[in-house]
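**Student:** First the structure, then my questions, so here it is.
The values are calculated or read from the model by the stated rules, or taken from the named source; none is laboratory data. If you're wondering where the values come from, they're calculated on a predicted model, not measured in any experiment. Ideal geometry is used to build each Cβ from the backbone, glycine not excepted, and the neighbour counts take in all protein chains shown.
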Amino acid sequence: MSPENTGVAEQAPEQTKQTRKGDIPRGVIAEWTVTIILLLFGTTTLVQAFVIPTGSMEDTLLIGDHLLVDKLAYAPPGPLTRHLLPYEDVHRGDIIVFRWPVDIKQTFVKRVIGVPGDRIHLENKRVFLNGHPLDEPYRYNKTDYIDSYRDNFPSVPNVSLSPQGQDMLLNHLQRGEVVVPLGYYFAMGDNRDSSLDSRYWGFVPRKNIIGKPLIIYWSYDATTEALSNPAIGFDHLVDLTEHFFTKTRWRRTFRLIHGYPIQ
């Protein structure tokens, strides 16, 4: 398990009216409008570029996916901008970019599994939220064996936890479940068997959340070693020169990134 050093890189959903065949949902129009605005006028205040260097979010996000992150989505709305921009709360199932609580110089990308007040535990790799097993079509388990802590969480740790992870187990357990405190979120990687996530370092503070990935603007088949370095190494530059067209994942270019509503 290794952190995404990117930057070298619920509420239940409201019910909507049924649309007629051929209608374009309002959300789709708004999403593309925001995307175009950010692409044309974005600055580091509005949108930020990140690259995925590890496989903890596979197969939703791949190593070498280059993302544009919407930094306005979760920003506190002002008296005027609240009517002009699509601010929103953090929901279960959202994919978020945030400063790692253990080292805020590092940036992680994970999926929100629990919001304040939620009760969470795992049984044999399956997540239970508020007493109910989750349907997680985005989840990938790429190992067959059961790890006593990773897959039956929370339990006696068999690895070293960060101080934040230790605090979670000491002060936020009720009847064998982790309870998410106010102002925090529980986040996990989609590549569930190979993800350094809230199971190991605790909750994500709301203030650490930077934004939500919006679109993959380029995807290149590179290694973690090549992408973890803040500077472009000589070997990676040579690789880009020689294999740009063959290693670019063209089908992923300009792919919008969506969360998944978890109830």
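**Student:** Go through region 197-228 and report how many residues are among the polar types (S, T, N, Q) and either under 13 Å from Phe50 (Cα atoms) or touching a helix residue (DSSP H, G or I) at 6+ places or on another chain (Cβ under 8 Å) (or both).
**Tutor:** Number of matching residues: 3.
**Student:** While we're on this one: Can we say Asp65 is in contact with a Lys or Arg (Cβ under 6 Å, 6 or more places away or on another chain) and acidic (Asp, Glu)?
**Tutor:** no
**Student:** Consider region 54-82. How many of its residues are modelled with pLDDT of 75 or more, assigned to a loop (DSSP other than H, G, I, E, B) and either of a type outside the set (Asp, Glu) or more than 21 Å from Ala187 (Cβ to Cβ) (or both)?
**Tutor:** Qualifying residue count, region 54-82: 14.
**Student:** Moving on to the next point. Please state which one of Ser195, Ser162 is within 14 Å of the chain's Cα centre (by Cα) and either over 25 Å from Glu136 (Cα atoms) or not β-branched (Val, Ile, Thr) (or both).
**Tutor:** Exactly one of Ser195, Ser162 is within 14 Å of the chain's Cα centre (by Cα) and either over 25 Å from Glu136 (Cα atoms) or not β-branched (Val, Ile, Thr) (or both), namely Ser195.
**Student:** Can you tell me how many residues within region 44-53 are touching a strand residue (DSSP E or B) at 6+ places or on another chain (Cβ under 9 Å), in a loop (DSSP other than H, G, I, E, B) and β-branched (Val, Ile, Thr)?
**Tutor:** 1
**Student:** Does region 241-250 include one or more residues that are buried (at least 17 other Cβ atoms within 10 Å of the Cβ) and either touching a strand residue (DSSP E or B) at 6+ places or on another chain (Cβ under 6 Å) or farther than 24 Å from Val112 by Cβ (or both)?
**Tutor:** Scanning region 241-250, I find no residue that is buried (at least 17 other Cβ atoms within 10 Å of the Cβ) and either touching a strand residue (DSSP E or B) at 6+ places or on another chain (Cβ under 6 Å) or farther than 24 Å from Val112 by Cβ (or both), so the answer is no.
**Student:** Under 7 Å between Cβ atoms, at least 6 apart or on separate chains: pull out the pairs that start in region 136-157 with a residue that is of a type in the set (S, T, N, Q) and end on any residue that is surrounded by 15 or more Cβ atoms within 10 Å (Cβ to Cβ) and not in a loop (DSSP other than H, G, I, E, B).
**Tutor:** Close Cβ pairs satisfying both conditions: Asn152/Leu122.
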